Amino acid sequence: MVAVAVACGESGQSATGGNSEATGLTDPEPTGLSVSATGTGTDGGTLGPVDSSGGTAVDPKFDVGGSAGDVEPGGPPTPSCKVVDDMDAVGECEAEAPPDSFDPEIQWTWTGPNGEPYSIVTPLVGNLTDDNADGAIDLCDIPDVVTVVANSSGAPGVAGHVWVLDGETGTPHFEIPTPVDHTVTPAIGDIDGDGLMEIVTAVPGGQLVAFEHDGAMKWQGTDIWSDVYSGAIALADLDNDGDVEIVAANFVTDHTGVRVFTAPTVAGNWSATAVADLDDDGDLEVVLGNAAYHHDGALMWSNPGIGAGYPQIADLDDDPQPEVLVTNNNGLSLLEHDGTTIYQDLRPTGDGIGFTTWLRPATVHDFDGDEIAEYAVSSANHYTVYEANAAIVWSADVSDQSGIAAGTAFDFLGDGIAEAMYADENFMFIFDGAGAPLLQIPRTSGTLSEYPVVADIDNDGSSEIVVVSNLYLGAASPTVQVIRDVEDRWIQARRIWNQHTYHVTNVREDGTIPQHEQPHHSLLNTFRTNAQIEDGGVCKPPPAG
C-alpha cells in the first residue's frame, strides 16, 4: 500500500502554474509518491517532466504525433489524428501493465490566480487548443483541462471564471473573462457541428451561456434556469436530428440556448440529469430520477414515491433494458426502465438520514472482476461498493459530511479489477478491489459536486487522475492536482471527460456529440467512469484471473 502524506508548502518540488512564485506540494518523508517538476516556472517558462531520479525527460510510452516513418519496426502503428471509433462495438483489451505498476506521483499542480484559488465542480478534459500548430485541433494535440475557479467555496450566487489549462504541464492557455456560476459543472462538446468543442455553463442568475473553444462568447440565453445552484450541464442529440440539445436539470434548450421544454417535474438544486434511451426506440429520454421525459417533453413515466435525486443509468439486473439507480436524501432506490420500483430508500451502511447524507451521485463499474456491474456511492462517513441488489461488497471510512460528491473508477493495470477513487473533505483516495486504500493524497474541500476524473490528459498513452480542491476549515490545497504513474505505465484511458454524467458513449474523443448514441448500458455498462482504449477504439479488460 502506498500511504501518502503530501503537505501543501511554500517550497515544494512541483512548480504551480498560474502564479508568480513556484509553489506546490512537498513530501517531507519518503512515501512512495514522488513529485515531478512540471507546470509554469518563475520566469513564465514551461518546465518539462523529469524522471523519478531527476534526470532528463523520458519519452512517452505512446504518442499520437508523428508520421508512419517515426514508428519503430514492430512497434505500434501511429493512430490517426481523427476519431476512428464510432463506439458501435467494444472489443477485449489486450494491454496489461506490469503488476508492480502502481507507483503514483504528482505530475503537476495549479492554483488559480487573481484571488480565485478554489474549485468546487468536476474538472473536464478535451482538446480545445492547437498545440502542435498544424492548423487543426485534433487528437494529435495535447488535451486540455477545463476548470472553474472562484474566491468562494460553494456560496450561492458567487461568480467564478473558467480556465483552460494545458494537460501536460498545467500551464494556463486562457481564462474566460465572462463571470460564470462557480457551482455549475459545465459540459464541453461540439454543439454546432463546426468540428470544434464549445464550453456550456451558466452565468450567475441562471441563464445558460456558451463559449467557443478559444473562450470567445458564443451566446447567452434569456430563459432562467431557476434551480441553477450546484447543477450540471449535459449535452445530447435527444431526437437524432443532428442538432445537439443542452440539458440542465428539467430545463432543455437547443444548441443556441433557445428553450425546447421545461419538464414539470422539478429536479431542484444539486442536480445532474441523465440522458439515455430507456425504451429502446432509438431516441433519448431525459431522466430526472423520479421521472423520465421523451425528447419532445412528453412524459414517459413518473414515480412520485421516489424523492428527487441523482439518476444513474445501467443494466443492474442482466436483462436487455437499463435500470435507473436513484440516490437521494432517503437512500438508494432502483427503478426499472419504465419507472417501476425494484427497491426504495435503502441505507445499508447504517448512515442515517441527514442533509445530503445519501444525496450523492453514484458510479457504476465492475469493481471486482466478476463481469457484473456494481455501483459505488458515498454516504457521509463511508464510501461503499454495492452489488446490484444493494448488498455491500466493501465499505471504506471517509469524511464527507458537507457535500454531494461522487467518485469514479478505472482499471489502471488492465488486470480486470477496477480501482475506485473518491475525494472527501481531506483526501483523495484510491481503493483496491477489496476497499483497502492504495493511495491517499491530501486535498481540502467542503465538497460540492466535484469528483476525480481519469483521462489521458497529456497524450502519452497512459492515464492520469485530475482532482480539484477548495477552502475547507481554513486550509486550502492547490486548485488542480494531476496524478500519474511515475513511469507512465498505467493503461491508456480516453482523452476526454466532457460532463458530470459522462458515460463514454455520450461523446466521441474529438468532442462530437453522437447523432445516434450507442447504448452504454449494453456495451460497457459503466457510468461516471472512463474506458480503456487501444488502437483508437474503446475496449474492455478481460475479467480478473
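The values are calculated or read from the model by the stated rules, or taken from the named source; none is laboratory data. In this text, all values refer to a predicted model and were calculated from it rather than measured experimentally. Cβ placement follows ideal geometry from the backbone for every residue including glycine, while neighbour counts extend to all protein chains displayed. Heads up: the accessible areas ignore ligands, DNA and RNA and are worked out on the full protein's heavy atoms, side chains in. Shrake-Rupley method; radii C 1.70, N 1.55, O 1.52, S 1.80 Å.
One line per residue, one yes/no per condition, for (1) of a type in the set (D, E, K, R); (2) closer than 21 Å to LEU359 by Cβ; (3) modelled with pLDDT under 95; (4) open to solvent by less than 10 Å² (accessible area, probe 1.4 Å):
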site: PHE174; (1), (2), (3), (4): no, no, no, no
site: ASP190; (1), (2), (3), (4): yes, no, no, no
site: ILE199; (1), (2), (3), (4): no, no, no, yes
site: GLY205; (1), (2), (3), (4): no, no, yes, no
site: GLU212; (1), (2), (3), (4): yes, no, no, no
site: MET217; (1), (2), (3), (4): no, no, no, no
site: THR222; (1), (2), (3), (4): no, no, no, no
site: ALA234; (1), (2), (3), (4): no, yes, no, yes
site: ASN250; (1), (2), (3), (4): no, yes, no, no
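Taking first residues from the stretch 492-521 that are part of a helix (DSSP H, G or I) and partners that are polar (S, T, N, Q), the Cβ contacts under 9 Å between residues at least 6 apart in sequence or on separate chains come to HIS520/THR505; HIS520/ASN506; HIS520/THR526; HIS521/GLN321.
For the stretch 327-356, filtering for residues that are open to solvent by 20 Å² or more (accessible area, probe 1.4 Å) and either touching a strand residue (DSSP E or B) at 6+ places or on another chain (Cβ under 9 Å) or among the aliphatic types (A, V, I, L, M) (or both) leaves 17.
Take ASP319 and decide whether it is surrounded by fewer than 24 Cβ atoms within 10 Å (Cβ to Cβ) and within 17 Å of GLY407 (Cβ to Cβ). Against the criterion (surrounded by fewer than 24 Cβ atoms within 10 Å (Cβ to Cβ) and within 17 Å of GLY407 (Cβ to Cβ)), ASP319 does not qualify. Right, ALA390: open to solvent by less than 50 Å² (accessible area, probe 1.4 Å), among the hydrophobic types (A, V, I, L, M, F, W, C), over 29 Å from VAL466 (Cβ atoms) and in a loop (DSSP other than H, G, I, E, B) or not? Against the criterion (open to solvent by less than 50 Å² (accessible area, probe 1.4 Å), among the hydrophobic types (A, V, I, L, M, F, W, C), over 29 Å from VAL466 (Cβ atoms) and in a loop (DSSP other than H, G, I, E, B)), ALA390 qualifies. Within the option set SER153, SER230, being of a type in the set (S, T, N, Q) and more than 17 Å from the chain's Cα centre (by Cα) holds for one residue only, SER153. Filter the stretch 86-126 down to the residues that are surrounded by 18 or more Cβ atoms within 10 Å (Cβ to Cβ), among the polar types (S, T, N, Q) and over 26 Å from PRO519 (Cβ atoms), then identify the one that is nearest to the chain's Cα centre (by Cα). The extreme case among them is SER119. Among the residues in the stretch 264-282, are any without any contact (Cβ under 8 Å) to a residue 40 or more places away in the chain, under 17 Å from SER449 (Cβ atoms) and touching a strand residue (DSSP E or B) at 6+ places or on another chain (Cβ under 9 Å)? No, because not a single residue in the stretch 264-282 is without any contact (Cβ under 8 Å) to a residue 40 or more places away in the chain, under 17 Å from SER449 (Cβ atoms) and touching a strand residue (DSSP E or B) at 6+ places or on another chain (Cβ under 9 Å).
Among the residues of the stretch 257-270, the one identified as among the polar types (S, T, N, Q) and either modelled with pLDDT of 95 or more or touching a helix residue (DSSP H, G or I) at 6+ places or on another chain (Cβ under 8 Å) (or both) is THR262. For the stretch 193-227, a tally of residues being among the aromatic types (Phe, Trp, Tyr) and either more than 23 Å from the chain's Cα centre (by Cα) or under 20 Å from GLY268 (Cβ atoms) (or both) returns 2.
For ARG360, the stated conditions do not hold, so it cannot be described as crowded, with 20+ Cβ neighbours inside 10 Å, among the basic types (Lys, Arg) and within 21 Å of ASP103 (Cα to Cα). Taking the stretch 214-254 as the range and being more than 26 Å from VAL158 (Cβ to Cβ), in a strand (DSSP E or B) and not hydrophobic (A, V, I, L, M, F, W, C) as the test, only GLU245 passes. Restricting attention to the stretch 397-424, the residues being under 16 Å from THR122 (Cα atoms), assigned to a loop (DSSP other than H, G, I, E, B) and modelled with pLDDT of 95 or more number 2.
Do the conditions hold for ALA476, that is, is it touching a strand residue (DSSP E or B) at 6+ places or on another chain (Cβ under 9 Å) and farther than 23 Å from CYS140 by Cβ? Yes: the conditions hold for ALA476.
Residue check: ALA544 meets all listed conditions (1) among the aliphatic types (A, V, I, L, M); (2) surrounded by fewer than 24 Cβ atoms within 10 Å (Cβ to Cβ); (3) assigned to a strand (DSSP E or B) but one, namely (3).
Taking the conditions (1) crowded, with 24+ Cβ neighbours inside 10 Å; (2) without any contact (Cβ under 8 Å) to a residue 40 or more places away in the chain in turn, GLY474 satisfies each one other than (1).
Take the conditions (1) within 27 Å of GLY157 (Cβ to Cβ); (2) at pLDDT 95 or above; (3) open to solvent by 10 Å² or more (accessible area, probe 1.4 Å); TRP301 misses just one of them, which is (1).
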